[in-house]
1. Quick check on this structure: which one of 104, 29, 12 is over 18 Å from the mean Cα position of the chain (by Cα), surrounded by fewer than 17 Cβ atoms within 10 Å (Cβ to Cβ), assigned to a strand (DSSP E or B) and at pLDDT 95 or above?
2. Do you know which residues across region 163-175 are among the hydrophobic types (A, V, I, L, M, F, W, C) and either modelled with pLDDT of 90 or more or closer than 21 Å to residue 215 by Cα (or both)?
3. Given the residues 184, 188, which is the only one that is closer than 20 Å to residue 32 by Cβ and either among the basic types (Lys, Arg) or in contact (Cβ under 8 Å) with a residue 24 or more places away in the chain (or both)?
4. Any residue at all in region 116-136 that's within 30 Å of residue 44 (Cα to Cα) and either surrounded by 18 or more Cβ atoms within 10 Å (Cβ to Cβ) or more than 16 Å from the chain's Cα centre (by Cα) (or both)?
5. Could you pull out the residue among 36, 47 that is part of a helix (DSSP H, G or I) and either on the phi > 0 side of the Ramachandran plot or at pLDDT 90 or above (or both)?
6. Could you list, in sequence order, all residues of region 203-218 that are in contact (Cβ under 8 Å) with a residue 60 or more places away in the chain and either touching a helix residue (DSSP H, G or I) at 6+ places or on another chain (Cβ under 8 Å) or among the hydroxyl-bearing types (Ser, Thr, Tyr) (or both)?
7. Restricting to region 131-151, name every residue that is part of a loop (DSSP other than H, G, I, E, B) and either of a type in the set (Ser, Thr, Tyr) or closer than 17 Å to residue 54 by Cα (or both).
8. Hey, could you check region 191-211 for residues that are assigned to a helix (DSSP H, G or I) and closer than 12 Å to residue 37 by Cβ and say which is nearest to the chain's Cα centre (by Cα)?
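The values are calculated or read from the model by the stated rules, or taken from the named source; none is laboratory data. Bear in mind that the values here come from a model prediction, so they are computed numbers and not experimental data. In this analysis, Cβ positions are derived from the backbone assuming ideal geometry, glycine residues included, and neighbour counts consider all displayed protein chains.
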Amino acid sequence: MALIEINGMIKEYPMGRGKFTALKNIDLEFTEGEFTGIVGPSGSGKTTLLNIIGSLDVQSDGSVRVMGNDIEKLSGKQSSKLRSKHIGFIFQTYNLLPVYTVFENVEFPLILLGMSTEERKKAVLEALDWVGLTDKIKSRPAQLSGGECQRVAIARAIVKKPDIVLADEPTANLDAENSHHILKTMKKINEELGTTFIFSTHDAKVISYLKRKITLLDGKVFKDEIVE
């Protein structure tokens, strides 16, 4: 069964007296264990598509189903529950809480899920072990490098063992060495935990790791291909 089903999806935004169509008649499916990139030039609709999949936005027409849920019909509370339980997010700007330690940043999604202190501690240490940061649990974001901050963001995204991780330009602020380290970590998580990763990117380094590449051009799916 597909984790994500998109049929005839259109996304429009008001623009002056008219409207701008960001996504046009999108038909896509994503299944468990994918390591897929949505690629294309700036303005092609990559981030918009990722936001709709993550129920951070809603389509203007067509249907989008995530984990069996019709995104358009979800209330704000139901959308929040879907994200909390099933979807992890990784952003290019990390979005870490500056006053929290590494441990507390990774722990935060588990507090929202109502997990016990002992369960949270075990899950956080496991996630930080995955990204190689167990020695930084008491550090704050300002004390970390860009690569380390993004590894904390990955740990935060996977700590609840989500079905889907959405990564919006995750290597945009990283050098080549850190980019490859981050990508190898995500690939390992994908292969060993079966987590579905969907990237928005135009970074050749990210593209070289993908199993599937979906190219958007002017808001349309230009090409959808399996990468050998």
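1. 12
2. Listed by number, the residues that qualify are 164, 165, 166, 167, 172.
3. Of 184, 188, the one residue that is closer than 20 Å to residue 32 by Cβ and either among the basic types (Lys, Arg) or in contact (Cβ under 8 Å) with a residue 24 or more places away in the chain (or both) is 188.
4. Restricting attention to region 116-136, the residues satisfying the condition of being within 30 Å of residue 44 (Cα to Cα) are none.
No - not one qualifying residue is present in region 116-136.
5. Numbers: 36 fails: part of a helix (DSSP H, G or I).
Going through 36, 47 in turn, just one is part of a helix (DSSP H, G or I) and either on the phi > 0 side of the Ramachandran plot or at pLDDT 90 or above (or both): 47.
6. Going residue by residue through region 203-218, those that are in contact (Cβ under 8 Å) with a residue 60 or more places away in the chain are 206-207, 209-218.
Listed by number, the residues that qualify are 206, 209, 213, 215, 216.
7. Of everything in region 131-151, those that are part of a loop (DSSP other than H, G, I, E, B) and either of a type in the set (Ser, Thr, Tyr) or closer than 17 Å to residue 54 by Cα (or both) turn out to be 139, 145.
8. 206
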